[in-house]
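The structure under discussion appears below in the form of C-alpha cells.
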Amino acid sequence: MNVYHPKVCLAVALAILVLLTGALSGCGDSQGVTTLTAHLAAFSDLIEDYKSTVAEDKTKQAELDAKIEAMTAKWTNMRNELGSEVTPQKMDDLVKQYDQLMLTLANFKKTIGS
C-alpha cells in the first residue's frame, strides 16, 4: 500500500532540489530562477493532474494536452527571456527538472497507449 501521494512526493523532491541548489550557490535565487522554478512546480502539478484525470476519464485528455502544450511553450519563452538572469549551472538544473517532468509524462502516455 502506497502511503505517500505521488504529487506530494514530487513537490517535496522539487523543494529539496531547489533548496540544495540554493545552498550550493551560497546566495539567494534571482528573480529568473524563482520564476522558472514556480513555473516548473505548476507544470509538475499539471502533469500529476493529467495522470490522475486521464487514467479515469480519457475524454479530458485533449483539454489537458492543450494545457501541457501551452505550458511547454511558456517554458521555452521564459527560458529564453530569463536565461541571462540565471547562472548556467542553475539553468542546467532547471532544464534537468523540466526534462524529468517531460519523461514522466511520456512514460505515462506510453502506459495508457496514447
Fill in: Counted charge near Leu82, where neighbours are those whose Cβ lies closer than 13 Å (Asp, Glu -1; Lys, Arg +1)
0
Discussion item. Students often forget the sequence filter, so: which lysines lie under 28 Å Cα-Cα from Lys109 once same-chain residues fewer than 8 apart are removed?
Written reply: Lys7, Lys51, Lys58, Lys60, Lys67, Lys74, Lys96
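All of the numbers you see were taken from the coordinates with simple rules; none came from a lab. In this text the structure is predicted, and so the values were computed from the model without any measurement. Please note: Cβ atoms are built from the backbone with ideal geometry, for glycine as well, and neighbour counts cover all protein chains shown.
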